[in-house]
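Read through the structure below, which is laid out as structure tokens, and then see the notes.
The values are calculated or read from the model by the stated rules, or taken from the named source; none is laboratory data. All figures in this text were calculated on a predicted structure; none of them were measured in a lab. Note: ideal-geometry Cβ built from the backbone for every residue, glycine included; neighbour counts use all protein chains shown.
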Amino acid sequence: MAEFLDGFDVERSALLSALAHTEDVWGRFQQQRGLEVEGSVDSDSLIADELSRVRAELESTEFTVGIFGLIKRGKSTLLNALIGAEVSSMHVTPETAVPVYVSYGDAPEATVHFADGTIRHVAVEEVHRFTSQKANPQNRLGVTVVEQQVPVGFLRNGTRLIDTPGLDDAEADDVYTERTLQELDVVDAGIVLFLSPPTVSATELRFLEEVVARDLKKTFLVCNMYPQHFHDRETRTSVLDYVGGRIVEASRRAGRTGEVWVYPVCALEAWQARQRDDIVQWRRSGADRLLRDVENYLSGFAGRQTLRMGADRIVHAVATAQAEVSVRQQLLSDPQQLHTFRRDLDRNIMALEHRFDDVLSLALTDVAPLKMRIRSLVLQPFSRAKQDLDALSTVEEIDAFAGRFRRQLEVAGELASRQFAEGFEHLVARLQRQLEQRFQSVITELGTSGGEVRLSSNALLVTPDQLQQLRDREHRSRAGTKTGAVAGGLAGGGAAFAAAGAMLGPVGLLAGALVGWKMSDLLAGHRSLDRARTAILGRLDEIAAELLREVDRQVSQAIENLRTSVTRHRRAFAADLYQQFDLVQAISADAAALESYRRDAARFEQAFVGCAERARRAVLPPEDLRETASA
């Protein structure tokens, strides 16, 4: 079987080749003025810095595929079958207590992340001690997520799979649906598994109906069947007709258009086929078609978006480079005016500094109400929990309350993370446009008519330190050593999700881990109802305070990251322009050198036009290229 996402990897390689060409042209242009700082990871150039970020993000792009479903539906069995290796528990009891992220590594290994911020590297054989309900009931160890790396070709080209918790018996737990739907919102593709026959419960049908009402594009509904039912054509057709009819009707009521596919699969036979390397049984199991369709979607939609975003950022960087070429051409055309140009630039740069401070301060005024809204979302489950606690009449009900509260808090935490990311990205996009306008005003004052100055919102969201962590992570992954990436961080999703993940971490996972970690021993030690209530109330306040401190810390860090990035941008912009002046000043007395540099500037202008075209060609099909050329 060909490796998963081979097609995407070929297109990504083409774009990286176009990027390398752009880096080479820019490198030759800057050799004439020596912008790079010797021995520094970061560049004093906006263009080189942006190209470096695009490269790091393209090389580390991962597409996250989530496996969702109620308990004992065969999620782990299907995951193992898709990968072709046993990387998740497959017991009859509900096994998965925390999310398990599976990605590629040259050697099998696992990293366990805890709610207290510690990280533990363990052998793959030890993972069940942290992920299973039996070994870690109610997540009493406080595990937020487990990352497992395996040397499987399926994952080599940037795929990451998630085996999600079955939580508890969803027949009596409506929180399950909302949490699953939230997780479906952030993965690149979601495989939603249900088991039939003997029956599809009313709760499970309602869950499936809500899934298709959310998003049809990236959702793959899988009906897992036992072998005897899967190979009985009449039974299989009957089940698919009934479930499919309900799902199609639900999608119509929600106003969703498009086809609804339900994939009949025998996960057990798919896994057996993988173990035996039996291609006939693999195709007969139904998993082959599911896998091909997931791959086609990721390559054709999610992958296409990622590559186009990368190409757009290269084109934007080239536009900024063209603006610098125009500055050089203007200065070379009349070196006698250098003094006047320099005086005007000094004045404009000083004004720019003051305007930047005003713009940034104004933009950050929107953070305070955003933070208050996020804090309120995180605290909502605590108010409800205290009310629910008063109504409980037995210790057994309190035990059930703890599990339900954990899931309610996870839902609230993930919603808070998403709303903060959306709000902060909106703020950054507005700030980006304002900064571009102010940069452009300085270029215009110099009398140039080149490309517009374009900035990248990703560069405003990701700090140089985080970019270096991303590079280090990629290096460690290739070397087969241990990685410390966290779910929702720079490793998640495509480039857009990487930027968002850099701001507010997985608060929901942290919240759930805190509840399991701080309440498990407490409940076991208090069999008196009144004492248990009193003890839990104290723990609720403790968990709430800890979560709010984490939210405040991450919001403060996001603001500081943005301040740092804006400061670097304006300093790099000024440095780029002043270097142009220094270059022309140094050669102004040499007529031959002036003429040579004028010819070079014209050639570089054409070279950068070619760079932009090559980046576009790497991601656009021929028909789109023809439309672009005619426009």
Exercise. Residues being modelled with pLDDT under 85 and over 25 Å from Glu59 (Cα atoms): count how many of those fall in the range 100-114.
Key: 0
Exercise. Among the numbered conditions (1) more than 23 Å from Thr564 (Cβ to Cβ); (2) outside any loop (DSSP other than H, G, I, E, B); (3) modelled with pLDDT under 90, tell me where Leu78 comes up short.
Key: (3)
Quiz item: If you take the residues in the range 382-420 that are within 18 Å of Gln138 (Cβ to Cβ) and among the polar types (S, T, N, Q), which one is nearest to the chain's Cα centre (by Cα)?
Solution: Gln408
Quiz item: Looking only at helices (runs of 4 or more DSSP H) that fall completely inside the range 220-307, which ones have 2 or more residues that are over 30 Å from Thr61 (Cα atoms) and outside the structural domain of Lys72 (by TED's automatic domain parsing)?
Solution: none
Quiz item: Does Arg570 fit the bill of being exposed (fewer than 14 other Cβ atoms within 10 Å of the Cβ), in contact with a helix residue (DSSP H, G or I) (Cβ under 6 Å, 6 or more places away or on another chain), at pLDDT below 85 and among the charged types (D, E, K, R)?
Solution: no
Self-check item: Exclusive hit being of a type outside the set (Asp, Glu), in a helix (DSSP H, G or I) and crowded, with 16+ Cβ neighbours inside 10 Å, set Leu537, Leu583, Leu548
Solution: Leu583
Quiz item: Do you know which of the residues in the range 154-191 that are among the small types (Gly, Ala, Ser) and at pLDDT below 80 is nearest to Leu70 (Cα to Cα)?
Solution: Gly166
Quiz item: Arg233 is checked against (1) within 30 Å of Gly7 (Cα to Cα); (2) more than 33 Å from the chain's Cα centre (by Cα) and fails just one. What number does that condition carry?
Solution: (1)
Quiz item: So Glu353 clears everything in (1) charged (D, E, K, R); (2) closer than 20 Å to Val566 by Cβ; (3) modelled with pLDDT under 85; (4) touching a Leu at 6+ places or on another chain (Cβ under 9 Å) except one condition, right? Which one?
Solution: (4)
Exercise. Considering (1) at pLDDT 90 or above; (2) surrounded by 21 or more Cβ atoms within 10 Å (Cβ to Cβ), say which one Thr320 fails and leave the rest.
Key: (1)
